[in-house]
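See below for the structure under consideration.
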Amino acid sequence: MGFFSRLESRAREIDSLLCIGLDPHLDQLSDRDPQAALKFCKGIIESTADITLAYKPNSAFFELFGSEA
């Protein structure tokens, strides 16, 4: 099954087109590091997985950690 078929199937299953942006603002993180950003995003995903069609990471919020992260 292709991406768009899976997306359409999921949208019908949960009756939602909700797309949530993953934007880990530094002032919302427990620490200012990639692990805290990951924990923050996982928390959002875990608490919204039943109603969300897709997630969109905003690259600018992750680029500040550098390429080594």
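A few remarks follow.
- Pairs of Cα atoms farther than 16 Å apart, the chain, %: 53
- Mean sequence separation of contacting Cα pairs (under 8 Å, at least six apart), scaled by the length of the chain, corresponds to a relative contact order of 44 percent.
- Sparse-neighbour loop sites [GluC sites (Glu not before Pro); the chain; at most 15 other C-beta within 10 Å; DSSP]: 68
Every read-out reported here was derived from the displayed coordinates using simple, explicitly stated rules and does not represent laboratory data. As the structure is a prediction and not an experimental result, all values here were calculated from the model. Don't worry about glycine lacking a Cβ; one is built from the backbone with ideal geometry, like all the others, and counts go over all protein chains shown.
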